1. In the neighborhood of residue 48, defined by Cβ-to-Cβ distances under 14 Å, what is the net charge if each Lys or Arg adds +1 and each Asp or Glu adds -1?
2. Which residue, 44, 21, 55, has the most motion in a Gaussian network model of the chain that connects Cα atoms within less than 10 Å?
3. Between residue 35 and residue 49, 0.36 nm times their residue separation minus their Cα-Cα distance comes to what?
4. Please compute the length gained on full extension between residue 26 and residue 64, using 0.36 nm multiplied by the number of residues separating them and subtracting their Cα-Cα distance.
5. Local charge sum around residue 14 (other residues, Cβ-Cβ under 14 Å, Lys/Arg +1, Asp/Glu -1)?
6. Which whole-number percentage describes the relative contact order of the chain, with Cα contacts under 8 Å and a sequence gap of 6 or more?
7. When a/c reaches 1.5 or more, the comparison of a/b and b/c decides; with that in mind, is the chain rounded, prolate or oblate per its Cα gyration tensor?
Amino acid sequence: TCKVNFPDPNKLHYFQLTVTPGNFFNMVLSLKITLICFLSWQPPKVKCLTRIWHPNITETGEICL
């Protein structure tokens with residue numbers, strides 16, 4: 001299940017995504033996503049707000065894309 005939250009309705013390029021995999025260790029994964037609108041060739045900035053261990057996620061939540 002995915003849920004999108006727009007903290008500021010006037011800033012559609014910034015949102016938070018919450019992913020809840022069904023029956024998967026009762027885990028909830030929250031991500032903060034910022035799209036760079038004026039530079040379309042740059043990837044979005046994604047930060048993991050849930051503290052998890054993953055080789056591509058730093059301790060502060062930055063994701064290596």
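1. With Lys, Arg at +1 and Asp, Glu at -1, the net is +2.
2. Maximum fluctuation in the GNM of the chain, among the listed residues, is at 55.
3. Taking 0.36 nm per residue and subtracting the Cα distance, the gain is 3.4 nm.
4. This chain segment gains 11.2 nm when fully extended.
5. +3
6. 21 percent
7. oblate
Throughout, read-outs are computed from the coordinates displayed, never taken from laboratory work. Predicted model only: the values in this text are computed from it and were never measured. FYI the Cβ positions are ideal-geometry reconstructions off the backbone, even for glycines, and counts take in every protein chain you see.
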